[in-house]
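**Student:** Pasting a structure below so you can have a look.
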Amino acid sequence: MKRLILTLFIVSISSLAFAQWGEEEMSDKPTFRDRIFTGGGFGLSFSTYYNYFSLSPIIGYKITPKFVGGIGLQYQHYQYKTNPSISTNNYGGSVFLRYKIFAPFFLHTEYEYLNYQFNERDRKGFSSLMAGGGLFQPIGRKAGIFVMALYNFSYQGSNSLYSIYNSPLVLRAGITVGF
């Protein structure tokens with residue numbers, strides 16, 4: 001996954017010179033539909049220890065041409081290749097705000113809640129407050145790829161008995177339509 005994020009980051013940086021970003025102007029009275037955008041992320045990972053699948057759709061609302069807010073859902077499935085095999089499912093949601101500083105950079109803040117399954121019986125809820133920034137590389141007029149790095153201010157350390165993140169740094173990449 002880290003290689004995929006790094007590759008997307010390098011592609012975004014190297015193609016900035018060719019981007020046709022522009023600041024899209026909203027009409028004086030944009031419709032509700034003009035202000036809505038969707039997108040999200042998708043993840044797959046396979047190893048000798050586990051298989052991983054994730055899906056994280058988002059929907060947002062353009063408050064101004066540079067400032068947006070939205071919500072996201074998250075689902076993760078782990079299949080551990082142990083004896084006996086263990087399968088876990090994690091789910092949750094988030095609310096976020098993004099502000100375009102200048103093309104292609106944006107600031108991002110987010111509150112996330114995940115219900116995390118540690119084994120076949122134990123579940124625990126986690127709240128995370130994260131902030132950081134990222135890059136948005138347009139693909140056409142209304143879509144693009146984003147890469148962002150967030151700092152998890154709620155990180156409790158990897159030595160915690162129940163820790164869902166291995167580091168306070170959270171890297172994400174995905175596709176957005178309408179932002």
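**Student:** Exactly one condition in (1) under 19 Å from GLN137 (Cα atoms); (2) modelled with pLDDT under 90 is not met by MET26; state its number.
**Tutor:** (1)
**Student:** Inspect the stretch 162-173 for any residue being buried (at least 18 other Cβ atoms within 10 Å of the Cβ), assigned to a strand (DSSP E or B), in contact with a Ser or Thr (Cβ under 7 Å, 6 or more places away or on another chain) and of a type in the set (Gly, Ala, Ser) and give the result as yes or no.
**Tutor:** No.
**Student:** If you take the residues in the stretch 35-46 that are touching a residue at least 24 places away in the same chain (Cβ under 8 Å) and either more than 19 Å from GLY70 (Cβ to Cβ) or of a type outside the set (A, V, I, L, M, F, W, C) (or both), which one is surrounded by the fewest Cβ atoms within 10 Å (Cβ to Cβ)?
**Tutor:** Per the criteria, the residue is SER45.
**Student:** Oh, and also: Just for the stretch 47-74: of the residues that are open to solvent by 80 Å² or more (accessible area, probe 1.4 Å) and among the aromatic types (Phe, Trp, Tyr), which one is nearest to PRO104 (Cα to Cα)?
**Tutor:** TYR61
**Student:** Just wondering, is there one or more residues in the stretch 105-114 that are surrounded by fewer than 14 Cβ atoms within 10 Å (Cβ to Cβ) and free of Cβ contacts under 8 Å to residues at least 12 places away in the same chain?
**Tutor:** Looking through the stretch 105-114, none of the residues is surrounded by fewer than 14 Cβ atoms within 10 Å (Cβ to Cβ) and free of Cβ contacts under 8 Å to residues at least 12 places away in the same chain.
**Student:** Additional query: Can you name the residue in the stretch 96-150 that is among the small types (Gly, Ala, Ser) and over 17 Å from the mean Cα position of the chain (by Cα) and, of all such residues, is modelled with the highest pLDDT? If you could, list the steps in order and put the result at the bottom.
**Tutor:** Within the stretch 96-150, the first condition is being among the small types (Gly, Ala, Ser), and the residues that meet it are 103, 125, 127-128, 131-134, 140, 143-144, 149.
After this cut, where a residue has to be over 17 Å from the mean Cα position of the chain (by Cα) as well, the list is 103, 125, 140.
Numbers: ALA103: 86, GLY125: 90, GLY140: 85.
Here the residue is GLY125.
**Student:** Scan the stretch 54-92 residue by residue and report those that are of a type in the set (A, V, I, L, M) and part of a strand (DSSP E or B). Break it down into steps so the answer makes sense when it comes.
**Tutor:** Restricting attention to the stretch 54-92, the residues satisfying the condition of being of a type in the set (A, V, I, L, M) are 55, 58-59, 63, 68, 71, 73, 86.
Answer for the stretch 54-92, where residues must be of a type in the set (A, V, I, L, M) and part of a strand (DSSP E or B): LEU55, ILE58, ILE59, VAL68, ILE71, LEU73, ILE86.
**Student:** Could you list, in sequence order, all residues of the stretch 151-161 that are under 21 Å from ILE71 (Cα atoms) and either surrounded by 13 or more Cβ atoms within 10 Å (Cβ to Cβ) or at pLDDT below 90 (or both)?
**Tutor:** TYR151, ASN152, SER154
**Student:** Assess whether GLY140 counts as being outside any strand (DSSP E or B), of a type outside the set (S, T, N, Q), over 17 Å from ILE71 (Cα atoms) and open to solvent by less than 40 Å² (accessible area, probe 1.4 Å). Walk me through how you get there before you give the answer.
**Tutor:** Numbers: outside any strand (DSSP E or B): yes; of a type outside the set (S, T, N, Q): yes; over 17 Å from ILE71 (Cα atoms): yes; open to solvent by less than 40 Å² (accessible area, probe 1.4 Å): no.
Considered against the rule, which asks whether it is outside any strand (DSSP E or B), of a type outside the set (S, T, N, Q), over 17 Å from ILE71 (Cα atoms) and open to solvent by less than 40 Å² (accessible area, probe 1.4 Å), GLY140 comes out as no.
The values are calculated or read from the model by the stated rules, or taken from the named source; none is laboratory data. Keep in mind the model is a prediction, meaning the values are calculated, not measured. Glycine gets a Cβ as well: all are built from the backbone with ideal geometry, and neighbour counts include every protein chain shown. For the accessible areas, the whole protein counts, side chains as well, though only heavy atoms, and no ligand, DNA or RNA atoms are used. Shrake-Rupley method; radii C 1.70, N 1.55, O 1.52, S 1.80 Å.
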